[in-house]
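First the structure, in the form of structure tokens, and then the observations on it.
The values are calculated or read from the model by the stated rules, or taken from the named source; none is laboratory data. No experiment lies behind these values; they were computed from the predicted model shown. Here the Cβ positions follow ideal geometry from the backbone for every residue, glycine too, while neighbour counts run over all protein chains shown.
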Amino acid sequence: MFRMNRNNIEMIQGDSVEFEVSVADYEVEQGDKIVFTVKDLLSKEIEATEGVVILHPEDTREAQPGVYRYDVEFRRADGEIYTIINPHLFVLTGDITFDGVGEA
């Protein structure tokens with residue numbers, strides 16, 4: 001399960017997630033990066049030309065469920081940095097099933 005509502009994100013621990021991030025009013029160039037960071041949890045750097053943030057099960061499987069904060073930065077190849085999504089909530093909900101086996 002993945003939900004994004006007004007830039008707040010909610011997902012289940014250990015799930016796979018993909019979502020697109022784009023930069024408005026700028027022609028993205030080779031070497032430009034997008035950095036998705038969840039404070040105290042994870043950071044993903046992707047090529048801005050691809051524009052898709054991918055979270056794999058191992059990125060959150062061992063994480064403590066709870067409420068975190070995240071933001072997204074656009075880092076141009078020339079060194080300029082812009083926050084394109086200000087800090088918002090990242091809610092990680094605990095999973096009931098791990099590796100196909102119910103945990104009670």
(Q) Taking the conditions exactly as written (without any contact (Cβ under 8 Å) to a residue 24 or more places away in the chain and in contact with a helix residue (DSSP H, G or I) (Cβ under 8 Å, 6 or more places away or on another chain)), does Leu92 satisfy them or not? (A) no
Q: Return the pairs, sorted by first residue and then second, in which the second residue is surrounded by fewer than 15 Cβ atoms within 10 Å (Cβ to Cβ) and not β-branched (Val, Ile, Thr), the first residue lies in the range 37-51 and is outside any loop (DSSP other than H, G, I, E, B), the beta carbons are less than 6 Å apart, and the residues are 6+ apart or on different chains.
A: Thr37/Ser43
Q | Per-region count, the range 52-62, residues in a loop (DSSP other than H, G, I, E, B) and modelled with pLDDT of 95 or more | A | 1
Q. Is the range 26-38 home to any residue that is among the β-branched types (Val, Ile, Thr), more than 14 Å from Tyr70 (Cα to Cα), surrounded by fewer than 17 Cβ atoms within 10 Å (Cβ to Cβ) and more than 13 Å from the chain's Cα centre (by Cα)?
A. no
